[in-house]
Amino acid sequence: MTSRHLHPAWIVLVAVTVCALAASGIRNVFGIYIKPMEAELGWTRGALSGAAALSLFLLGAVSPWVGRMADRWSARRLIVTSLAVLGVGAIAMGLSQRLWHIYVTAGILMAAGSGGAGIGSGAPMVMRWFKARRGLAMGLLAGGMSAGQLIIIPLATAMTVALSWRTSTVCLGAALLVLVLPLAYLLLRDSPEESGLRAYGASETAAPMAEAAAPQTGRVTVIQAAGTSQFWLLVATYFVCGYTTGGLVLTHFMPHALEHNFTHLQASTALGIMGAMNMVGTISSGWLCDRLGRRGPLAVYYFLRGLSLLFLLYVWNVPSLHLWAAIFGLNFVSTVPPTTTLTANIFGYQSVGELSGWIFFAHQVGAALAAALAGWIYEWYGNYTPAFVSAAVLAFIAAGLTLAIRERSLVRAPVIAVQPATA
């Protein structure tokens, strides 16, 4: 294949990015339904925050197994199955009549479906298809997750205002099943070797099957990785990432904005701006990681995130709200490319699915904790100020921890290859 032709890796990347876009966008709409559900069904903020926390926790809990299945079974089959579960869960959520229905649909089915079609299964596929420009490829994949926020959240908000929250979630689930699921089935492929191809940037002289087989000897288990400080630093910083983004902002930003006299349109526009800047920041993050390394940019992202969370407390009008959204959006998912590529470079790309799954589990534990705590804090204090301050402090701590990560391969290190840590 000559350089004049589009490498199939880019087609696979587009397909897996669309899947991540849909899965991330649909899962993250729950925050805009909180106040309509409160008004219609009389459920409390704390009770609905519990459903959000369960969803975020289970999204992380399935990630290690998602990564393991993607590494050892089939990422393609996993994504296709997960999209079906997510679509059914979204439709069922729109038909819910009791609080426990929300816990089952949004808390369990949609979490499992989104987890199986997200970064845990997409990252191993991208790593297999790309030898070169991995940072850029991961940035594009993470940018797709941001695009889900940009496209789906304003759409869901518009349908909620014009029709109802029930119609909104049913339409989103149906669109996923009709449009995205067939795309995943037709275009996704687990690896270039199964089609007799080479990964993008792979050596032209190496046989495809040899390239596939050689790295298998470098697989690192989670028990082995847990014996290193690098793994725990990645876990700790990604815990903070989850606490400060999906758990706090995506779950509670909309009710926070509405209770500060912003309209649905103004708040959803802010989320759209956040998503647009998120795409810019995430793709740029991948580009920067390929050129400047990972630790420095990652530390800057966490530091700026802490500052932006404090700035949110002083937003006073629509322009300042949208300015905050732009600043926060630039580093919302920009942590994904450096964290994922650090994991691949330190522990080997044959282990990135499973290990990224465990690291993402920490991310979702942080998100679940923030979602639940913020809801309880609101009921105790009548506002979200302590929640945003705590998130800012954690972000500053994460910036410091990031600089302690040593980016060097441990695949052949004696502690892993010869003397694995015991459980």
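The values are calculated or read from the model by the stated rules, or taken from the named source; none is laboratory data. Values in this document were obtained by computation on a predicted structure and should not be read as measured data. Every residue, glycine as well, gets a Cβ built from its backbone with ideal geometry; the counts of neighbours run over all protein chains shown.
Among the residues of the range 201-246, write down those that are modelled with pLDDT under 80, buried (at least 20 other Cβ atoms within 10 Å of the Cβ) and not β-branched (V, I, T). G246, the sole residue that qualifies. Filtered by the rule that a residue be in contact with a Lys or Arg (Cβ under 9 Å, 6 or more places away or on another chain) and modelled with pLDDT of 80 or more, the range 48-89 gives S55, A75, R76, L86.
Just wondering, is there one or more residues in the range 313-332 that are under 19 Å from F360 (Cα atoms), of a type in the set (G, A, S) and surrounded by 17 or more Cβ atoms within 10 Å (Cβ to Cβ)?
First, pick out the residues of the range 313-332 that are under 19 Å from F360 (Cα atoms): 331-332.
From what's left, of a type in the set (G, A, S): none.
The answer is no; no qualifying residue exists.
Taking the residues in the range 101-130 that are closer than 23 Å to A368 by Cβ and outside any helix (DSSP H, G or I) as candidates, determine which candidate is modelled with the lowest pLDDT. Even if it seems obvious, please write down each step before you answer.
To start, the set of residues in the range 101-130 that are closer than 23 Å to A368 by Cβ comprises 101-123.
From what is left, the residues that are outside any helix (DSSP H, G or I) are 117-118.
On the way: A117: 82, G118: 76.
Among those residues, the one meeting the criterion is G118.
Is it the case that the range 20-40 has a residue that's more than 23 Å from L155 (Cα to Cα), part of a helix (DSSP H, G or I) and modelled with pLDDT under 85? Looking through the range 20-40, none of the residues is more than 23 Å from L155 (Cα to Cα), part of a helix (DSSP H, G or I) and modelled with pLDDT under 85. Per the listing M159, M138, M127, M93, the residue uniquely aliphatic (A, V, I, L, M), over 21 Å from the mean Cα position of the chain (by Cα) and buried (at least 24 other Cβ atoms within 10 Å of the Cβ) is M93.
So if I check each of M93, M69, M110, which one is among the aliphatic types (A, V, I, L, M) and over 22 Å from G148 (Cα atoms)?
Values: M93 fails: over 22 Å from G148 (Cα atoms); M110 fails: over 22 Å from G148 (Cα atoms).
Answer to the check: M69.
Within the range 162-174, can you find the residues that are within 24 Å of the chain's Cα centre (by Cα) and touching a residue at least 60 places away in the same chain (Cβ under 8 Å)? Across the range 162-174, the qualifying residues are W165, S168, T169, V170, L172, G173, A174.
Tell me the residue from A22, A47, A61 that is surrounded by fewer than 23 Cβ atoms within 10 Å (Cβ to Cβ), under 28 Å from A123 (Cβ atoms) and touching a helix residue (DSSP H, G or I) at 6+ places or on another chain (Cβ under 9 Å), please. First the steps, then the outcome.
Numbers: A22 fails: surrounded by fewer than 23 Cβ atoms within 10 Å (Cβ to Cβ); A47 fails: under 28 Å from A123 (Cβ atoms).
After applying the criteria, what remains is A61.
In the range 43-100, of all residues being part of a helix (DSSP H, G or I) and charged (D, E, K, R), the one that is nearest to T169 (Cα to Cα) corresponds to R45.
Residues in the range 177-194 that are under 15 Å from V85 (Cβ atoms), surrounded by 20 or more Cβ atoms within 10 Å (Cβ to Cβ) and either in contact with a His (Cβ under 8 Å, 6 or more places away or on another chain) or modelled with pLDDT under 90 (or both): A184 only.
Looking only at residues in the range 249-268 that are in contact with a Ser or Thr (Cβ under 9 Å, 6 or more places away or on another chain), over 18 Å from R45 (Cα atoms) and not hydroxyl-bearing (S, T, Y), which one is surrounded by the most Cβ atoms within 10 Å (Cβ to Cβ)? Among residues in the range 249-268 that are in contact with a Ser or Thr (Cβ under 9 Å, 6 or more places away or on another chain), over 18 Å from R45 (Cα atoms) and not hydroxyl-bearing (S, T, Y), the one surrounded by the most Cβ atoms within 10 Å (Cβ to Cβ) is A267.
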